[in-house]
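Written below as structure tokens is the structure these notes are about.
Each value in this text was obtained by applying a stated rule to the coordinates, not by laboratory testing. Keep in mind that what you see is a predicted model, and the values were worked out from it rather than measured. Neighbour counts run over all protein chains shown; Cβ positions are idealised from the backbone, glycine included.
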4 protein chains.
Amino acid sequence: MRVAVLGVGVMGADHVARLTSRISGARVSVVNDYITEKAEQIAADIPGCRAIVDPLNAIADPDVDAVVLATPGPTHEKQLLACLEHGKPVLCEKPLTTDIETSLAVVKREAELGKRLIQVGFMRRFDHEYARLKALLDGGELGRALVLHCAHRNPAVPPTFDSAMVVRDSLVHEVDVTRFLFDEEIASIQIVKPAANPAAPQGLADPQIAIMRTVSGKHVDVELFVTTGVAYEVRTEVVAEKGSAMIGLDVGLVRKSAPGHWGGQITPGFRERFGQAYDTEFQRWVDAVRSGFNVDGPTAWDGYAAAAVCEAGVESLDSGLPVEVTMVDRASINGA
Amino acid sequence: MRVAVLGVGVMGADHVARLTSRISGARVSVVNDYITEKAEQIAADIPGCRAIVDPLNAIADPDVDAVVLATPGPTHEKQLLACLEHGKPVLCEKPLTTDIETSLAVVKREAELGKRLIQVGFMRRFDHEYARLKALLDGGELGRALVLHCAHRNPAVPPTFDSAMVVRDSLVHEVDVTRFLFDEEIASIQIVKPAANPAAPQGLADPQIAIMRTVSGKHVDVELFVTTGVAYEVRTEVVAEKGSAMIGLDVGLVRKSAPGHWGGQITPGFRERFGQAYDTEFQRWVDAVRSGFNVDGPTAWDGYAAAAVCEAGVESLDSGLPVEVTMVDRASINGA
Amino acid sequence: MRVAVLGVGVMGADHVARLTSRISGARVSVVNDYITEKAEQIAADIPGCRAIVDPLNAIADPDVDAVVLATPGPTHEKQLLACLEHGKPVLCEKPLTTDIETSLAVVKREAELGKRLIQVGFMRRFDHEYARLKALLDGGELGRALVLHCAHRNPAVPPTFDSAMVVRDSLVHEVDVTRFLFDEEIASIQIVKPAANPAAPQGLADPQIAIMRTVSGKHVDVELFVTTGVAYEVRTEVVAEKGSAMIGLDVGLVRKSAPGHWGGQITPGFRERFGQAYDTEFQRWVDAVRSGFNVDGPTAWDGYAAAAVCEAGVESLDSGLPVEVTMVDRASINGA
Amino acid sequence: MRVAVLGVGVMGADHVARLTSRISGARVSVVNDYITEKAEQIAADIPGCRAIVDPLNAIADPDVDAVVLATPGPTHEKQLLACLEHGKPVLCEKPLTTDIETSLAVVKREAELGKRLIQVGFMRRFDHEYARLKALLDGGELGRALVLHCAHRNPAVPPTFDSAMVVRDSLVHEVDVTRFLFDEEIASIQIVKPAANPAAPQGLADPQIAIMRTVSGKHVDVELFVTTGVAYEVRTEVVAEKGSAMIGLDVGLVRKSAPGHWGGQITPGFRERFGQAYDTEFQRWVDAVRSGFNVDGPTAWDGYAAAAVCEAGVESLDSGLPVEVTMVDRASINGA
């Protein structure tokens, strides 16, 4: 699958790297940016990739099967409509568009085509903790959800960050998290502005507290605090009829339920525990071999040493006594 | 990079799936198994993949750039030597071979060739928790390591599992972990056999306690317990001159150090926190588009709904009062 | 110090037991309850204790140095004024009185006397976790507090519990916690009523969300949920300029601060770690001796056995080998 | 109950304070120390307390109902026998005596008297975490215990601390913990000496690893490390047939059991959660009243302020809108 990535700023460049070196079954065939030079530099590093100056031409190009939009929000409407026009699937970083009217226009146009082509980049739905939380709720063990507490904290923001951006760029994630976890729409919202953090840029209302109510009456509150100076913290707690569950405490999903227990799940097997390790092992090995046999993982010597220790271990298994491990001198083997 | 996977039992089949759908830059061109039918079934599902009956032919095949060995241990020696013969990189599941002599022979043969071709499948070195623990030790903040406590627990093992397999198949991982973390060899080993778990198969010494000493005098103890009935638990604690650190408690790396603090690291930024989510988002999107435009992530409607809530939020930011969210009726849009 | 306990329902009876068997330097000399019989039963079990029918007579009694009020709220005003009249210190369970006017009258009367006689039973200020949180805030390391998130959850309430009692009996604790932690008054309050828990008694708004603002603009939100079916959960998180700290997660005080760390404090010494154990050990020993030499703690045999193991341990310290522990047969010692 | 405290070094002085101000039903009537002056200073501060120069006279004194021994170990034998002689209950700090023979002699003498008079100061049995662990094991939910892992870490020891003291003074606690948790004797012990911590005093084997086996074949290992430089850490993990449980991680008792869960218990009710707070509240109030009405807990004003906020809260409960809190100006009340 050949992908055009439009917009290669921080986020877009990340996506180019992702598609090129971590995703199976796709490659970046076209890049575009309003800074032409940047697009050309990136294209030069990727085999079979070209920079195209005009974003609409990039979308239309026959060498493009699908599109990733990482361009500024105000350009999304036109670019999304072009993708729909050409019948090309598009993964669009949030926001869909910058106002309700144009968003609705895009929704309607796609609906008229009767074909699902647009995916919005609400990536938290793919995070393993959110996925576990959603599965826990859908499983019904905690009963119906009643309340959602969220915290969204950034260590710092650029000086240009203003109060409305806290809502549009930060809160927007919790808006989607709410809709994702609860499968219902949000009916009303209130923003509370406490006394501001002295470290916040002049004029920025920070922290902010968003209080939302869903159509069925569920309560949601979100602490938005983008100048904490600490780290990136995203926390989500669902309080339900029969218990509560929290993610984002850096300790996995912690659940509280009757009869008065708190805790989490132990990784059930080696696939869950070490699946990431196997994937990383293989990706690094493939990259090392492809870049000229630069394999740097555990060596044959490591395998030999392990065998020698296990051999002595099996001997001790019988005797119960300490057994010396016998190995040849590594220096005696030229090149090992 | 075209890879031959030899042995497509549980582990080998996992590796085939990994290389086919999660690893970028490689594909499985050849599979082999002593059960010919199984290899043929797997090959049939992968474009451009053949089954080859003889493992040595599979290694030699010109359509093969590199080899993954997931065959039984006793066949490793011959297969590894064949890989070396053909100059093909090989990722060999542990053990290297089943005894010290043949392991040493393989080490020597590779050394004679003067070319690093073999990687042994000690995948824990690629696990993010072990990697963080290693980095913490190498960073020097905790001083020199003195003691290593490990626990290796399985909920159950097949009835054929015997006492020596606890050493060869389970302890072998902690042997490599010890060598990896400490960068030194193990000098002696003692296996202690407490009264056995009644649930353990007749004749199986379980739990076992392995006590090892490294050449510089570091102490290592490992609880090996393969019939816990609970879950898969792998825990590793390093006690060092200036503090200790533990992984495997299902809560990330927990560190203790002066002045009397325990704790972990908050994910510093969105890349660390949500990198996995982005990767999963993209891989699923690519898979969905390739399988016929079956995109099922967040929809344009999700984008529209988020815009509507944020719009109301920005309004409340000014007034401080609750604002109703206004959206069109979804049912009014044909197909949305 | 001779104490009169007025009201010996659940709470008052607890206080009688506390003063009688766990508090040093005080004894209960008088008890009173509107159910005369209950007071008499309790008095009968305590040496030197009488039941007095009229609460005001109990306060006035010359055998009373100080008073504990665990009577119903509506009786507090009259009883408090009587304590002030007689110049007797009183520890009054919350509420002070049941409305603002009478509370203010009590405040003014005590002020006129110019003598501090009344203490209100906001016991959370004496909880070790709240005390640590307060000390952390006052220490200044986290900077000025900005936001306070609280949760107050009960597994169940009596069927007579109504919506206003959630505010008056549950929220009142967080009101005092806010004032205690922040040393300032609360300026406004808003109660949000999400869709109710189906398990809540008919007509009870539960959960409720209280949103408060302090005079300096700090934001406080409190989830009040009294029919969780889980357990008793009281959680408090302060978000401050330079970090945050949370108590009530059943894991001690957890703090987050730059540079991106989360964690707690290890008990610094044996006094902090085992102070409770020493106190309990001594109280049980004193109680056992007083009740007729019924000592049931570790025996002389336990001391002997420990000595035998340590003796063998010291021998192994030299040899490094396992040493058998030699002890006489316990059955050979008549009575041990 | 009148108690003689023999030995008023660090530990003994702690016990004097404990009996005087935190334990109900006992007082210190006699103190003794080989440094006569120290005993006299302490006696001077306690009403009704005398210093007695000779320890045996202190034991025999008619003003003494029971004895606490905090004297050096070598003096214990003679003092214990004197307590037995006079039929006085004695709480003896460990060790019982300093060698097996004298310990056995004490055991036999008490057995001959047929009266339980001696309690040894293994205070961990009274620690709430050990008590919970013991209750969990005795409850049978985890099945029979198989393995015990312990860590005993001190930040530092005096320069006179030698290798045998690690066994006699530190390990002795885990010896008793093992016997307490498992209700059986220890059959053998082995001490392993890893390469020493460079920060340990010259000649001190530190860390040490003790490996013990109980008579029924349970395995126990103890890491003893007394120069960690970090804090006071005491950790105990029991691995049993159906799960494991750990205390001492500064997060309460953490349990792992089928089906693959880890976690702890939420404090079930307000008594468990705030029992300590109530006790502390009352002890401080009693102390404050006794020392001259110096009450410094929550004031009547605190009660008034809470009432004012709750009043406004109840109003908001109806309207759902923010309500201003109305209070009189505190400065207007003379003395409040």
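Scanning the range C:6-51 for residues that are buried (at least 20 other Cβ atoms within 10 Å of the Cβ) and part of a strand (DSSP E or B) turns up C:6, C:28, C:29, C:30, C:31, C:32.
Matching residues to (1) in contact with a helix residue (DSSP H, G or I) (Cβ under 6 Å, 6 or more places away or on another chain); (2) within 14 Å of chain D (Cβ to nearest Cβ); (3) surrounded by fewer than 18 Cβ atoms within 10 Å (Cβ to Cβ); (4) hydroxyl-bearing (Ser, Thr, Tyr):
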site: B:116; (1), (2), (3), (4): no, no, no, no
site: B:127; (1), (2), (3), (4): yes, no, no, no
site: B:151; (1), (2), (3), (4): no, yes, no, no
site: B:167; (1), (2), (3), (4): yes, no, no, no
site: B:192; (1), (2), (3), (4): no, yes, no, no
site: B:200; (1), (2), (3), (4): no, yes, no, no
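Selection of first residues in the range B:75-90 that are polar (S, T, N, Q) and of second residues that are part of a helix (DSSP H, G or I) and surrounded by fewer than 24 Cβ atoms within 10 Å (Cβ to Cβ), restricted to Cβ pairs under 8 Å at least 6 apart or on distinct chains, gives the following pairs, ordered by first then second residue: B:75/B:55; B:79/B:55; B:79/B:56. Of the numbered criteria (1) more than 9 Å from chain C (Cβ to nearest Cβ); (2) of a type in the set (S, T, N, Q); (3) over 17 Å from residue D:233 (Cβ atoms), the one residue B:257 fails is (3). The residues of the range A:288-314 that are touching a residue at least 12 places away in the same chain (Cβ under 8 Å) and aromatic (Phe, Trp, Tyr), listed by number, are A:301, A:304. Among the residues of the range C:255-312, the one identified as over 20 Å from residue D:5 (Cα atoms), within 25 Å of the chain's Cα centre (by Cα) and aliphatic (A, V, I, L, M) is C:266.
The single condition from (1) in contact with a strand residue (DSSP E or B) (Cβ under 7 Å, 6 or more places away or on another chain); (2) at the interface with another protein chain (Cβ under 7 Å from one of its Cβ atoms); (3) not aromatic (Phe, Trp, Tyr) that residue D:245 fails is (2). You will find that of D:132, D:109, the residue that is basic (Lys, Arg) and farther than 23 Å from residue C:283 by Cβ is D:109 and no other. Tallying residues that are surrounded by 14 or more Cβ atoms within 10 Å (Cβ to Cβ) and closer than 18 Å to residue B:105 by Cβ within the range B:52-77 yields 8. Regarding the range A:65-88, can at least one residue be identified that is in contact with a Pro (Cβ under 8 Å, 6 or more places away or on another chain), among the hydroxyl-bearing types (Ser, Thr, Tyr) and at negative phi? Yes, the conditions are met somewhere in the range A:65-88. If you take the residues in the range B:103-114 that are of a type outside the set (D, E, K, R) and surrounded by fewer than 21 Cβ atoms within 10 Å (Cβ to Cβ), which one is nearest to the other protein chains (Cβ to nearest Cβ)? Going through the qualifying residues, I end up with B:111. Consider residue C:3 carefully, then state whether it is in contact with a helix residue (DSSP H, G or I) (Cβ under 9 Å, 6 or more places away or on another chain), within 30 Å of residue C:284 (Cβ to Cβ) and outside any helix (DSSP H, G or I). So residue C:3 passes the test.
For residues that are more than 25 Å from residue B:170 (Cβ to Cβ) and in contact (Cβ under 8 Å) with a residue 12 or more places away in the chain, scanning just the range B:137-148, find the one that is farthest from the other protein chains (Cβ to nearest Cβ). Per the stated criteria, the residue is B:141. Picking from residues in the range B:82-102 that are more than 24 Å from residue A:278 (Cα to Cα) and among the hydrophobic types (A, V, I, L, M, F, W, C), the one that is surrounded by the fewest Cβ atoms within 10 Å (Cβ to Cβ) is B:82.
Scanning the range A:212-226 for residues that are at the interface with chain C (Cβ under 7 Å from one of its Cβ atoms), within 16 Å of residue A:151 (Cα to Cα) and either of a type in the set (Ser, Thr, Tyr) or surrounded by fewer than 24 Cβ atoms within 10 Å (Cβ to Cβ) (or both) turns up A:219, A:221. Candidates C:71, C:20: the one that is touching a residue at least 12 places away in the same chain (Cβ under 8 Å) and more than 27 Å from residue D:17 (Cα to Cα) is C:71. Looking at residue B:182, is it surrounded by 21 or more Cβ atoms within 10 Å (Cβ to Cβ) and either facing chain D (nearest Cβ under 9 Å) or closer than 20 Å to residue D:197 by Cα (or both)? Taking the combined requirement at face value, the residue does not satisfy it.
Quick one: is residue B:320 more than 27 Å from residue A:111 (Cβ to Cβ) and small (Gly, Ala, Ser)? In short, yes.
Across the range D:263-303, which residue is nearest to the other protein chains (Cβ to nearest Cβ) among those that are outside any helix (DSSP H, G or I) and within 30 Å of residue B:230 (Cα to Cα)? That would be D:263. Look at residue C:242 and say whether it is surrounded by fewer than 23 Cβ atoms within 10 Å (Cβ to Cβ) and touching an Asp or Glu at 6+ places or on another chain (Cβ under 8 Å). Judged against the criteria, residue C:242 is a match. Among the residues making up the range C:202-211, those that are facing chain A (nearest Cβ under 10 Å) and in a loop (DSSP other than H, G, I, E, B) are C:206, C:207.
Scanning the range A:2-51 for residues that are hydroxyl-bearing (Ser, Thr, Tyr) and more than 11 Å from every other protein chain (Cβ to nearest Cβ) returns A:29, A:34, A:36. Summed over the range A:304-327, the residues that are at the interface with chain B (Cβ under 7 Å from one of its Cβ atoms) and either part of a helix (DSSP H, G or I) or more than 27 Å from residue B:224 (Cβ to Cβ) (or both) give a count of 13. If only one of C:231, C:199 is more than 16 Å from residue D:312 (Cα to Cα), outside any helix (DSSP H, G or I), hydrophobic (A, V, I, L, M, F, W, C) and in contact (Cβ under 8 Å) with a residue 60 or more places away in the chain, which one is it? Every option except C:231 fails the conditions.
Listed conditions (1) assigned to a loop (DSSP other than H, G, I, E, B); (2) closer than 24 Å to residue D:124 by Cα; (3) more than 7 Å from every other protein chain (Cβ to nearest Cβ) are all met by residue D:237, apart from (1). Within the set A:330, A:271, A:255, the sole residue that is surrounded by fewer than 23 Cβ atoms within 10 Å (Cβ to Cβ) and within 30 Å of residue B:280 (Cβ to Cβ) turns out to be A:271.
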